[in-house]
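Visitor: Following this message is one structure expressed as structure tokens.
Nothing in this text is a laboratory measurement; each read-out follows from the coordinates by a stated rule. Being a predicted model, the structure only gives us computed values, none of them experimental. Note that each Cβ is placed from the backbone with ideal geometry, even for glycine, and that neighbours are counted across all protein chains shown.
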Amino acid sequence: MPASPDASLDLPSFDDVEAAARRIEGQAHRTPVLTSRTVDERLGARVFFKCENFQRMGAFKFRGAFNALSRFTPEQRRRGVVAFSSGNHAQAIALSARLLGMPSTIVMPKDAPAAKIAATRGYGGEVVLYDRYTEDRQQIGRDLAEKHGLTLIPPYDHADVISGQGTAAKELIEEVGPLDAVFTPLGGGGLLSGTALAVRALSPAAKLYGVEPEAGNDGQQSFRSGKLVHIDTPRTIADGVQTQQLGDLTFALIRRLVDDVVTVPDAALVEAMSFFATRMKMVVEPTGCLGFAAVQAMKDALRGQRVGIVISGGNVDLARFCELVGAAADGAPAA
Ligand SMILES: *Cc1c(COP(=O)(O)O)cnc(C)c1O
């Protein structure tokens, strides 16, 4: 292989995904794979939804967090873990730490939704609040790590996190067999790069797509230009993927193993949320709808194919859910 800029990176492989699957067994749910006759008829394809909205704490992030924490040495466990996140990673780390009997510290913005702060505390995490306009959360996380000997686990750019996230696609393909195309949301790229390891090993001919909101297409720009592109925090209802750039490990894997990165508008996410609620009787958060929205937009290219979609999570405030879906039902634009 020619020397590449990422030749020095220690990238995880499918062996690591298999090891992660053994570590999380009995702790993570083996989530259901759902199908819908209505979807199949509308699209003229066979669609399999891997429902991580039914995962513990409501999103696939539990997989990567639990895998990473279960690899700690006894000394690391004794001192504990620190993470910075306002979203699902925070809850995933707090819950995993509690299950493994170690302390966790989660750095969250002061203005994070009260429900998320409460959920993180409810899982036993010690919450440290910061001001997102004047303080740097990475610095706070690093300071805490240094001062108290805590181990920092980032939300996506970490080999054990990536390997854990890949277990969802591994379960999907083992359950339904090889696929022609697979779609996952794309934020920092932990889910997509882990999925890529599983797909290339178990269904190598499948086309693999990452899906971003239109407003936050840094991953698409990076993928297509071959250079890591950084953007301002995007304005989108897909709050699980408001990342500004891919990680070094995730970008290296995505460049090598993914077929393309596509985008969808927020309005398509709202439409998918309504569909999941009314037809499939389930709550999916806006970010979790990215894959299905992209599949609908690419309908013509997917006709006759077997398509896998990872629904990444279901954590959305009920009031927010009603606001988004209700506005769409009234014919008003959802904001
Ligand atoms: C974190 C998250 C994503 C994005 O995952 P990355 O690994 O950052 O790409 C997608 N959906 C949900 C629900 C998430 O919590």
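Visitor: Residue by residue through region 295-310, what is 3J(HN,Hα) from phi via Karplus (6.51 cos²θ - 1.76 cosθ + 1.60, θ = phi - 60°)? Round to whole Hz and write x for glycine and proline.
Guide: Per-residue couplings from phi come out as 4, 5, 5, 9, 2, 4, 6, 9, 4, x, 9, 9, 10, x, 10, 8 Hz.
Visitor: Something else about it: What length, rounded to one decimal in nm, is gained on full extension from Ala277 through to Glu25, with 0.36 nm per residue of separation minus their alpha-carbon distance? Intermediate values should be presented prior to the final figure.
Guide: Numbers: separation 252, 0.36 × 252 = 90.72 nm, distance 2.92 nm.
The span from Ala277 to Glu25 would gain 87.8 nm if fully extended.
Visitor: For Glu126, which sequence-distant residues (separation of 5 or more, or a different chain) have an amide H within less than 5 Å of its own amide H, given hydrogens modelled in the peptide plane?
Guide: Here Ser104, Thr105, Ile106 satisfy the definition.
Visitor: Then there is this: With 24 Å as the cut-off, how large is the P(r) tail for region 1-149, expressed as percent of Cα-Cα pairs?
Guide: Within region 1-149, distances greater than 24 Å cover 46 percent of Cα pairs.
Visitor: Here is a further query. Take the Cα pairs of region 179-335, get the Kirkwood Rh, then feed it into Stokes-Einstein at 25 °C and 0.890 mPa s and tell me D in µm²/s.
Guide: Values: Rh = 15.7 Å.
D = 156 µm²/s.
Visitor: According to a simple spin-label model (label point 7 Å from Cα along Cα-to-Cβ), what is the distance in nm between Asp317 and Ser8?
Guide: A separation of 4.4 nm, rounded to one decimal place.
Visitor: Using Stokes-Einstein with the Kirkwood hydrodynamic radius over Cα pairs, what translational diffusion coefficient do you get for region 205-296 at 25 °C and a viscosity of 0.890 mPa s, in µm²/s rounded to a whole number?
Guide: Once the numbers are plugged in, D ends up at 179 µm²/s.
Visitor: In nm, to one decimal, how far is the Asp300 label point from the Ala267 one, both placed 7 Å along Cα→Cβ?
Guide: 1.9 nm
Visitor: Another question, then. Which of these, Ala272, Ala205, Ala94, has the largest mean-square fluctuation under a Gaussian network model of the chain (Cα springs below 10 Å)?
Guide: The residue that fluctuates most here is Ala205.
Visitor: Go through Lys61/Lys299; Lys50/Lys207; Lys110/Lys170; Lys170/Lys281; Lys61/Lys207; Lys116/Lys207 and tell me which ones have a Cα-Cα distance over 27 Å in this structure.
Guide: With Cα atoms farther than 27 Å apart: Lys61/Lys299; Lys110/Lys170; Lys116/Lys207.
Visitor: If the viscosity is 0.890 mPa s and the temperature 25 °C, what translational diffusion coefficient in µm²/s does Stokes-Einstein give for the chain when Rh comes from Kirkwood over Cα pairs?
Guide: Details: Rh = 19.9 Å.
Once the numbers are plugged in, D ends up at 123 µm²/s.
Visitor: OK, next. Using only C-alpha atoms and all pairs of different ones, pull out the Kirkwood radius for region 121-173 in Å with one decimal. Could you put the intermediate results ahead of the total?
Guide: Values: mean 1/r = 0.0732 Å⁻¹.
Over region 121-173, the inverse of the mean reciprocal pair distance is 13.7 Å.
Visitor: Restricting attention to region 115-207, which GluC sites (Glu not before Pro) occupy a DSSP loop and are surrounded by at most 15 other Cβ atoms within 10 Å? Can you show the working numbers first?
Guide: Values: sites: Glu126, Glu135, Glu146, Glu171, Glu174, Glu175; in loops: Glu135.
Here the GluC sites (Glu not before Pro) that fit, given the DSSP loop and packing criteria, are Glu135.
Visitor: Between His148 and Lys227, what length in nm is gained on full extension when 0.36 nm per residue of separation is reduced by their alpha carbon distance?
Guide: Result: 24.8 nm gained on full extension.
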